[in-house]
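Inspection log for the structure reproduced underneath, given as structure tokens.
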Amino acid sequence: MPLTFQHHQLKNGLDIVAEINPDSHSFAAGFFVKTGARDEATDINGVSHFLEHMMFKGSSTYTWEDVNRIFDEMGARYNAFTSQEMTAYYANVLPEFTERTIEHLAHLLRPAIRNEDFTTEKNVILEEIAMYLDDPGHRLYEKVMESHFANHPLSLSVLGSADSIKKLERDQMANYFKSRYGPGNMVLSVTGRLDFDEVVRLTEKYCGDWPRVNAPRENLNPIYTPRREYLTDAKLNRNYTMGMTPGPSSQDDRRFAARVLADVIGDSDGSRFYWALVDNAIAEDADFGFYPHDGCGSFYISLTTDPERTDQAMKIALDELNKVKTDLKDDEVDRAKNKIASSLVLSGEVPIGRMRAIGSQWLYNHEYRSLEKDMATLMSVTPASLRQLMKDFPFDPMTIVTLGPGEKK
Amino acid sequence: MAQRFLQQTFPNGLTLLAEQMPGMQSGAMTLLVTAGSSNDPINQSGAATVLADLILRGAGDRDNRQLTEYLDSLGLQRSSSVGVHHTRLGCAALAGKVIEGLPAYADIVQRPQMPGPGFQAGRDLALQALAGIDDDPRQKLMIKLREWAWPSPYGRSSMGTKEDLEKLTLEDARNDFATRFGPKNAIISFAGNVDFNQLKTEIEKHFGNWKQQPGLTIPRTPPPGNLHHLTQESEQTHIGIAYPSITETHPDYYSARMAVEILSGGMSGRLFTEVREKRGLCYSVGASYSSLKEFASIFGYAGTSNDRAQATLDCFIAELHRLSDGVTNDELDRAKIGLKASTIMTGESTSARAGTIAHDFFIRGRIRTLEEIKDAIDAVTVDQVNAYLKNNKPGPFTIVTVGPKPLNVPK
């Protein structure tokens, strides 16, 4: 299964990256734009995500009904997502729809932002915000990011608040679009069965006249202070607790060791947290994970418990973080590496997974990493590199927030 | 060309299925055993969920920790779940590692240690998961919708009830294992880079002496049906709508499937267009087809602000009724390409294929090729779909709402 990589930059600065798999049955394409909540002024918080919705409302030639219909006429699996630092639009189709997909994604990325559509979609966004208020995990995550990153732009909510969305005006969104969406701040990632020269020709045809946009991102150093916070909602049954602490960034070579360390400590099965907390049912869920961001990074603890067991569970989790610094074993590192290696092989066999991986990698680092290279880097991680990592990032300071019913009457 | 599929049933009742997928390095396994929520013993609802946890806490010569560490050392990406009919165990990794792990899986389903403390912890986890449902109104709604739309025991939740779980003992679990875990009607399937001869030899060696189980069948009782409201001070009102459909083996199956695709297939589907795009009533709205061997249903969902909930329900029901007026050629064309493309693209993952061929065998007694599915979809005409919809008007509806206030159901 030989995968080959190709890269080309159009005259206007648009990067195209491709990983070609002749054995594949499908073609996947996605635009990855380096923009998200962290690039928003606070008075327009939520605009990146709202704009992502407006992209599906049509260009100067298409209405929203055309946009949806054309995707469905190709039988495409398509979607978009917005995070604190990236917005992506993608489609997975049968290879015969290669041209139509590139043309259609190009239309998507040149939105008309019509007033009438803006007003209707505002209601959908408000519904999405309401939906997440019924999801304790999401509420907790937003609160932890807000407290942990304090004055850093990563503290901003992706959805925004009902208040900021209600106040947002159509022209504020149009200006934000102009300042963020252009070659120079995005990449087109394509994978699966494809002819690269043809993809370049088509991208030139449909995106060659887009004006270049230079959209610098402010990269402040976050200032962390330890915090312990409680959020009370009497209608909840369970306690949801998250702890967040600094880790390596998306650009940092230590991110591979960080992923292995996260699996050793907190994978859903067979990890230290599993044995110390879940195997004995002190916690229903206990994870330790790693989020690399642009320019900084985080490790996090996530626990779901009976309210009366939260303190006990958190103490055990923190004790495990201390212990692993001194008693890390070779075989647990090997097991974590084997599990990650399997997930790399499995993701490499599905075009849509690789499209996301190489697109976001390029956006952060202007680097292509083959599966073989990722595999070799993974295999070169040693217990010593994990120990060094924990000296560099000693899980301190930490922001801890619990969301739950509070004291039961 | 090399043989693509393998199907073989052993004398003890276990069926082995496999699909060779060119170009893949990985392999995936699915193992279905006839312990599901629909055959949980009476007054022991949730028993299969507790067992699915317990059998992984040590098996054969390996204790709890040794077993987990061994499977981890092979790099197996594992899953386990309980459905209506089966307990499902799955794993995926480099194909050779999946085969290497087979003896351990044979231990898990034939010789689990089922330790007492492990049982207590597993039952505790099941009770905690149950307590979490009230924090997730959408999940709570979908559990209740199935329970009230489908006859018992098929509508029973695999999570069980607090009352039953609290009474469940280790002895119950061990008896239940002896009753329901065995090769009769069990299915083990593989997809990816697999060698059929090696597979047959390994399965025969490790599962050939697996002793048949007596099995358990729970009597059927009709569902309570129609309208239910659960009061909860949630941010949104969550609306669930169910009505009967036809099973996968019915001659009109693809007409029924096309109708659901037209209703809710892509973003041009009728529900998304009318409820979300035109009216902005909600973020999440959709309907899907769900089939057991015995019967099938359409399940719909919408989540919306409390003051827009009535308008959302009215619009949703109106769209369901409008189906019987017929669909257009363009709508059918989109539905066909959508279903064909998703069948092909889902088929690119070894895990998905292992699951699909096991499901095919359970429902139809054989594996369907992608070509067969494609031909069947191509053969559907707009006249067939419209005739089907005319003769099978959506309904009767089971409607469940979770939210601060009940809604009025439109005529």
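All of the numbers you see were taken from the coordinates with simple rules; none came from a lab. None of the values given here were measured: they were computed from a predicted structure. Ideal geometry is used to build each Cβ from the backbone, glycine not excepted, and the neighbour counts take in all protein chains shown.
Remarks
- Phi to ³J(HN,Hα) by Karplus 6.51 cos²θ - 1.76 cosθ + 1.60 over the stretch B:112-126, Hz, x for Gly, Pro: x, 7, 6, x, x, x, x, 4, 4, 5, x, 5, 4, 4, 5
- Given A:LYS205/B:LYS374; B:LYS184/B:LYS205; B:LYS336/B:LYS390, the pairs whose alpha carbons are separated by over 24 Å: A:LYS205/B:LYS374
- Listed residue pairs exceeding 32 Å between alpha carbons, taken from B:LYS144/B:LYS200; A:LYS178/B:LYS340; B:LYS167/B:LYS211; A:LYS57/B:LYS144; B:LYS340/B:LYS405: B:LYS144/B:LYS200; A:LYS178/B:LYS340; A:LYS57/B:LYS144; B:LYS340/B:LYS405
- Cα gyration tensor category, rounded, prolate or oblate, for the protein assembly as shown with a/c compared to 1.5: rounded
- DSSP-loop trypsin sites (Lys or Arg not before Pro) across the stretch B:1-92, with at most 14 other Cβ within 10 angstrom: B:ARG4
- Rounded to the nearest 20 debye, dipole of chain A from Cβ charges on Lys, Arg, Asp, Glu: 680 debye
- In terms of its alpha-carbon gyration tensor, chain A comes out oblate; a/c meets the 1.5 threshold, while b/c is at least as large as a/b.
- For B:LYS184, the amide hydrogen comes within under 5 Å of the amide hydrogens of B:GLN213, counting only partners 5 or more places away or on other chains and with H modelled in the peptide plane.
- Helix axis angle, B:350-364 relative to chain B longest principal axis, alpha carbon, degrees: 80 degrees
- Over all pairs of different C-alpha atoms in the stretch A:1-147, the reciprocal of the mean inverse distance, the Kirkwood hydrodynamic radius, equals 17.3 Å.
- Value at 222 nm in deg cm²/dmol, rounded to 500, when DSSP H runs of n ≥ 4 in chain A each add -39,500 (n - 2.57): -13500 deg cm²/dmol
- Furthest towards positive pole of dipole, B:THR304, B:PRO394, B:TYR283, structure part the stretch B:227-403, Cβ charges: B:PRO394
- 0 to 90° range, to nearest 10: angle between helix B:253-264 axis and chain B longest Cα axis: 60 degrees
- Counting other Cβ atoms within 10 Å as a rough exposure proxy, the listed residues A:PHE81, A:PHE288 run A:PHE81, A:PHE288 from fewest neighbours to most.
- In this rough spin-label picture, where each label sits 7 Å from Cα along the Cβ direction, the A:SER179-B:ARG368 distance is 5.3 nm.
- Over chain B, relative contact order from alpha-carbon pairs under 8 Å, at least 6 apart, %: 22 percent
- Shape box of the stretch B:1-152 [Cα atoms, principal axes, largest first, Å]: 52, 37, 33
- Under-5 Å amide H pairs with B:LEU292, H placed in peptide plane, nonlocal only: B:SER297
- Under 12 Å, Cβ to Cβ, from A:LEU378 - net charge with Lys/Arg +1 and Asp/Glu -1: +2
- Pairwise label distance in nanometres, B:ASP195 with A:HIS138, each label 7 Å out on the Cα-Cβ vector: 4.9 nm
- Dipole of the stretch A:4-207, positive end: most advanced residue of A:THR42, A:PHE32, A:HIS7 [Cβ charges, Cα centre]: A:THR42
- Arranged from fewest to most other beta-carbon atoms within 10 Å of their beta carbon, B:MET267, A:MET355, A:MET242 become B:MET267, A:MET242, A:MET355.
- Derived scalar couplings ³J(HN,Hα) [the stretch B:210-218; Karplus, 6.51 cos²θ - 1.76 cosθ + 1.60; whole Hz; x for Gly, Pro]: 5, 7, 5, 9, x, x, 8, 10, 9
- Whole-number percent relative contact order across the stretch B:5-207, with pairs defined as alpha carbons under 8 Å at least 6 apart: 40 percent
- Per-residue Karplus couplings for the stretch B:155-167, computed as 6.51 cos²θ - 1.76 cosθ + 1.60 with θ equal to phi - 60°, are listed in order as x, 4, 7, 5, 7, x, 10, 4, 4, 5, 5, 5, 8 Hz, Gly and Pro entered as x.
- Amide N proximity, the stretch A:24-43 versus A:THR4 label position 7 Å along Cα-to-Cβ, cut-off under 19 Å: A:24-28
- Exposure rule at most 14 other beta-carbon atoms within 10 Å, DSSP loop GluC sites (Glu not before Pro): chain B longest free segment: B:1-232
- Cα-based Lys pair tally, the stretch A:227-404, threshold under 18 Å, eight or more apart or on separate chains: 9
- Net charge dipole size for the stretch B:227-403 [Lys, Arg +1 and Asp, Glu -1 on Cβ; Debye, nearest 20]: 160 debye
- Summary value for the stretch A:227-404: 38 percent relative contact order, contacts being C-alpha pairs under 8 angstrom separated by 6+ residues.
- Amide H partners (placed H, <5 Å) of B:SER152, local residues excluded: B:THR221
- Cα gyration tensor, chain B - rounded (a/c under 1.5), prolate or oblate: oblate
- Relative exposure of A:MET375, A:MET186, judged by other C-beta atoms within 10 Å (fewest first): A:MET375, A:MET186
- Principal-axis tilt of helix B:64-73 within chain B, Cα atoms, nearest 10 degrees: 80 degrees
- The protection proxy used here, the mean number of other Cβ atoms lying within 10 Å of each residue, ranks peptides B:320-330, A:201-211 as follows, highest first: A:201-211, B:320-330.
- Summed residue charge, Cβ within 15 Å of A:ALA215's Cβ, Lys/Arg positive, Asp/Glu negative: 0
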